[in-house]
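First comes the structure, then the notes that go with it.
The values are calculated or read from the model by the stated rules, or taken from the named source; none is laboratory data. Fair warning: this is a prediction, and the values are worked out from it, not measured in the lab. Here the Cβ positions follow ideal geometry from the backbone for every residue, glycine too, while neighbour counts run over all protein chains shown. Heads up: the accessible areas ignore ligands, DNA and RNA and are worked out on the full protein's heavy atoms, side chains in. Shrake-Rupley method; radii C 1.70, N 1.55, O 1.52, S 1.80 Å.
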Amino acid sequence: MQDAQVEQGPGNGGRQQQKRRRRMTLAAREARLAYLLVVPGILLVLLIILFPMIWNIVLSFRPIRFRDLPELNLFDFSELTLDNYRDGFGPRFWAALRVTMIYTVASTVGAIVLGLWAALVAKEKFRGRGAFRALILFPYIAPVVSSAFIWRLMLDKNFGIVNAALGLEGRDSIGWLTSRSAEMPFLGGIELPIALLTVIAFEIWRYFPFAFLFILARIQAIPSDMYEAAQVDGASPSQQLRYITLPQLRTVIATLFILRFIWTFYKFEDIYLLNGGAAGTEVLTVQIFNWLFARRNIGVAAALGVGLAAALIIFVGVYQRRVGAEE
Amino acid sequence: MTQQTLTKRNRMSRDVVKRRAGKALKWFSIAFFMFITVFPFYWMLNLSFRPFQDVLTDPTRLVPRIEDIQTVLRPLRCIFGGDTEFCDAAVRNSSYAAVLIEFNFLRFIRNSLILAGATVVMSLIIAVPSSYAMSRLRFRGREAMKVGILLIYLFPGIVISIPLFVFFIRIQQSLGIQLRNPIGVSLIYLASTLPLALYMLSGYFQTIPPDLEEAARIDGASRLRALWLVTIPLAAPAIATVGLYVFMIAWNEFLFALLFLVENPDAWTLPLGLQQLDSQEVPRTFLMAGSVIITVPILIIFFFIERFLTGGLTAGGVKG
């Protein structure tokens with residue numbers, strides 16, 4: 001249609017018109033090519049990620065169990081119900097939400113603190129720094145299945161290296177992943193929620209290299225003359241850290257916090273493989289999995305999925321608003 | 001005068017003490033980080049070479065006995081068949097041979113290689129042209145697409161797993177297409193790694209000067225031909241890095257393999273096969289041999305792409 005309009009244009013300035021027409025068709029052709037190139041990826045993502053996410057909401061309002069699957073009509077909307085929400089959002093849900101929050105915040109903060117410390121070390125010059133930077137990423141890139149099994153064997157109550165190295169044998173030995181709470185003999189016998197702390201430690205261990213990478217990249221981008229100027233003014237290393245490095249890292253740490261928060265909030269494999277959510281470590285994702293495969297109740301699992309997504313959106317929204325207000 | 005020199009000396013010695021403390025802290029930190037990151041993997045290796053009985057009686061043994069290592073390594077040749085009398089008895093005492101032969105890890109290695117390889121190929125076929133379009137071509141909705149990619153990046157895997165599970169069963173029953181197999185799983189891997197691949201690749205394409213490509217086009221090459229002949233070869237290191245990174249993600253993935261392949265032991269991937277090995281009847285040290293088999297290829301790949309990868313990752317954000 002556009003082409004036709006241009007062709008009908010008045011005779012004077014015909015050259016210019018023609019030029020314009022060619023430019024437009026060029027732009028149009030460019031856009032057409034672009035659409036052609038991006039369409040397969042968009043279709044795939046729509047089909048496999050967006051559409052299921054929306055359909056999950058529909059499923060959450062339908063009373064579906066495993067045994068209904070063979071005769072299930074996906075497009076039957078006659079039996080919509082709120083039962084799934086009533087059944088799913090009981091005391092067990094709120095307990096899991098609480099555990100998830102503790103687990104997420106503690107792991108996120110811990111990973112960032114440890115990553116910051118490692119990055120401050122790696123910015124110094126020393127022999128073997130290249131190897132240090134590569135090796136420190138091991139926990140992050142290793143398959144979660146291996147890492148979880150290594151931890152389980154190291155922390156085993158009977159033959160684990162950790163109990164053996166701490167001299168805890170027999171009745172003193174600690175079930176790091178299997179006890180809801182235990183008295184710490186070397187900490188004056190304080191009671192601690194030991195399994196929860198252990199899965200948090202695992203999560204920190206696995207993801208501090210991620211924080212390390214980002215923080216180190218940011219530190220290396222700080223212009224060195226800032227430090228030189230500070231040295232001339234007689235600033236000590238700790239003052240340089242406090243007044244130059246840390247302020248420069250605010251944005252990257254805020255970004256890391258939000259990313260790690262989101263990803264930890266719906267992390268499933270780590271706890272599932274470590275202890276299956278036993279001993280006070282049942283996070284929401286593990287609870288969803290249990291509704292799905294232990295109780296074979298698809299509707300409730302879907303409802304909890306909606307709850308998980310909603311909780312995440314609320315937390316992130318609140319965080320963004322507060323951080324946004326600060327800046 | 002004396003007072004002044006005294007304070008001066010005092011300050012100097014305080015500086016020396018501080019510097020020494022700083023140095024000690026630095027080396028303590030280096031040792032601490034190397035210990036927590038390397039020791040667990042060393043321990044995996046150590047346990048994988050020891051008989052479980054030995055682990056039970058001597059949990060702190062730091063290095064396996066030589067004869068235990070030999071017992072583990074010698075039956076490895078049974079992978080290629082051979083003396084059945086020797087093999088039948090010896091395989092059960094060798095963690096690696098038992099895992100590879102009796103517990104089918106050879107097959108799982110093949111399955112994982114095919115699944116991850118197919119994911120990489122499909123991912124690059126889709127991601128290279130799309131990311132090229134996103135970084136070089138002007139079209140309506142480009143900015144929306146960039147934002148969309150970042151959002152998709154944050155989707156919760158467990159939430160989409162429920163409807164996908166229902167869909168795959170319904171599709172099989174009503175259309176007769178089985179998707180609870182490596183094909184269906186690789187489609188999910190593809191969709192979930194695509195945002196990352198697009199992100200990293202389009203970032204790289206932006207760093208290649210468009211002049212080179214324009215020169216080819218003045219010589220009469222079409223846009224796609226210029227992409228193929230000029231831009232892709234220039235971006236080869238980045239494309240290889242993204243490919244290997246997608247490979248690592250697919251190789252490590254556990255949740256979707258568990259959901260869609262668990263009923264079909266012939267199609268198990270390595271992580272799923274290892275997890276299924278976790279039972280009371282299997283000696284714990286076998287689990288460590290299996291872990292070594294899964295982990296070592298990843299660590300090797302990582303050493304090849306470390307430099308490119310850390311740059312590409314920190315340019316934006318990466319899912320973990």
* For A:ARG321, are the conditions met, namely being open to solvent by 60 Å² or more (accessible area, probe 1.4 Å) and farther than 27 Å from A:LEU273 by Cα? -> yes
* **Failed item, numbered, when A:SER78 is tested on (1) open to solvent by 60 Å² or more (accessible area, probe 1.4 Å); (2) in contact with an Asp or Glu (Cβ under 7 Å, 6 or more places away or on another chain); (3) of a type in the set (Gly, Ala, Ser)** => (2)
* Structure fact -> Scanning region A:37-71 residue by residue, those facing another protein chain (nearest Cβ under 7 Å), under 18 Å from A:ALA303 (Cα atoms) and not polar (S, T, N, Q) turn out to be A:ILE49, A:PRO52, A:MET53, A:TRP55, A:LEU59, A:LEU69
* Just checking, how many residues over region B:168-182 are open to solvent by less than 40 Å² (accessible area, probe 1.4 Å) and more than 7 Å from chain A (Cβ to nearest Cβ)? -> 3
* Asked: Could we say that B:LEU187 is within 12 Å of chain A (Cβ to nearest Cβ) and touching a residue at least 60 places away in the same chain (Cβ under 8 Å) here?
  -> no
* In region B:142-178, how many residues are closer than 21 Å to B:MET200 by Cβ, without any contact (Cβ under 8 Å) to a residue 40 or more places away in the chain and small (Gly, Ala, Ser)? -> 2
* Check whether at least one residue in region B:170-182 is touching a Phe, Trp or Tyr at 6+ places or on another chain (Cβ under 8 Å) and in a helix (DSSP H, G or I), and report yes or no. => no
* Among the residues of region B:126-152, how many are under 17 Å from B:ILE208 (Cβ atoms), facing chain A (nearest Cβ under 8 Å) and either touching a strand residue (DSSP E or B) at 6+ places or on another chain (Cβ under 7 Å) or at pLDDT 85 or above (or both)? -> 6
* Asked: If you check every pair at least six apart or on different chains, which have Cβ atoms under 9 Å apart with a residue in region A:93-106 that is more than 9 Å from A:VAL283 (Cα to Cα) first and a residue that is in a helix (DSSP H, G or I) and open to solvent by 30 Å² or more (accessible area, probe 1.4 Å) second?
  -> A:THR104/A:PHE315; A:ALA106/A:LEU197; A:ALA106/A:ILE204
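Regarding A:GLU191, is this residue away from chain B (no Cβ under 14 Å), outside any loop (DSSP other than H, G, I, E, B) and either farther than 30 Å from B:VAL16 by Cα or open to solvent by less than 40 Å² (accessible area, probe 1.4 Å) (or both)?
Values: away from chain B (no Cβ under 14 Å): yes; outside any loop (DSSP other than H, G, I, E, B): yes; either farther than 30 Å from B:VAL16 by Cα or open to solvent by less than 40 Å² (accessible area, probe 1.4 Å) (or both): yes.
Yes, satisfied.
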* Structure fact -> Scanning region A:81-96 residue by residue, the ones that are among the hydrophobic types (A, V, I, L, M, F, W, C), open to solvent by 30 Å² or more (accessible area, probe 1.4 Å) and out of contact with any Gly (no Cβ under 8 Å at 6 or more places or on another chain) total 3
* In region B:202-231, the residues that are assigned to a helix (DSSP H, G or I), surrounded by fewer than 16 Cβ atoms within 10 Å (Cβ to Cβ) and not basic (Lys, Arg) -> B:PRO210, B:ASP211, B:LEU212, B:GLU214, B:ALA215, B:ILE218, B:LEU224, B:TRP228, B:LEU229
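Let's see how each residue does on (1) hydroxyl-bearing (Ser, Thr, Tyr); (2) assigned to a helix (DSSP H, G or I); (3) open to solvent by 30 Å² or more (accessible area, probe 1.4 Å); (4) away from chain B (no Cβ under 12 Å):
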site: A:VAL252; (1), (2), (3), (4): no, yes, no, no
site: A:ALA278; (1), (2), (3), (4): no, no, yes, yes
site: A:VAL286; (1), (2), (3), (4): no, yes, no, no
site: A:PHE289; (1), (2), (3), (4): no, yes, no, no
site: A:VAL300; (1), (2), (3), (4): no, yes, no, no
site: A:GLY307; (1), (2), (3), (4): no, yes, no, no
site: A:ALA310; (1), (2), (3), (4): no, yes, yes, no
site: A:ILE314; (1), (2), (3), (4): no, yes, yes, yes
site: A:GLY317; (1), (2), (3), (4): no, yes, yes, yes
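Would you confirm, using the coordinates I've provided, whether B:ALA257 is open to solvent by 10 Å² or more (accessible area, probe 1.4 Å), in a helix (DSSP H, G or I) and either modelled with pLDDT of 85 or more or within 9 Å of chain A (Cβ to nearest Cβ) (or both)? Let's see the steps before the verdict.
On the way: open to solvent by 10 Å² or more (accessible area, probe 1.4 Å): no; in a helix (DSSP H, G or I): yes; either modelled with pLDDT of 85 or more or within 9 Å of chain A (Cβ to nearest Cβ) (or both): yes.
Considered against the rule, which asks whether it is open to solvent by 10 Å² or more (accessible area, probe 1.4 Å), in a helix (DSSP H, G or I) and either modelled with pLDDT of 85 or more or within 9 Å of chain A (Cβ to nearest Cβ) (or both), B:ALA257 comes out as no.
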* Applying the selection to region A:104-163, what residues are of a type in the set (Val, Ile, Thr) and either under 14 Å from B:TRP43 (Cβ atoms) or touching a His at 6+ places or on another chain (Cβ under 7 Å) (or both)? -> A:ILE150, A:ILE161, A:VAL162
* Every residue from region A:134-182 that is open to solvent by 10 Å² or more (accessible area, probe 1.4 Å), more than 8 Å from chain B (Cβ to nearest Cβ) and either of a type in the set (S, T, N, Q) or part of a helix (DSSP H, G or I) (or both) -> A:ARG152, A:VAL162, A:GLY170, A:ARG171, A:ASP172, A:SER173, A:THR178, A:SER179, A:SER181
* Asked: Does A:VAL38 satisfy being modelled with pLDDT of 75 or more, more than 14 Å from B:PHE167 (Cβ to Cβ), β-branched (Val, Ile, Thr) and in contact with a Ser or Thr (Cβ under 8 Å, 6 or more places away or on another chain)?
  -> yes
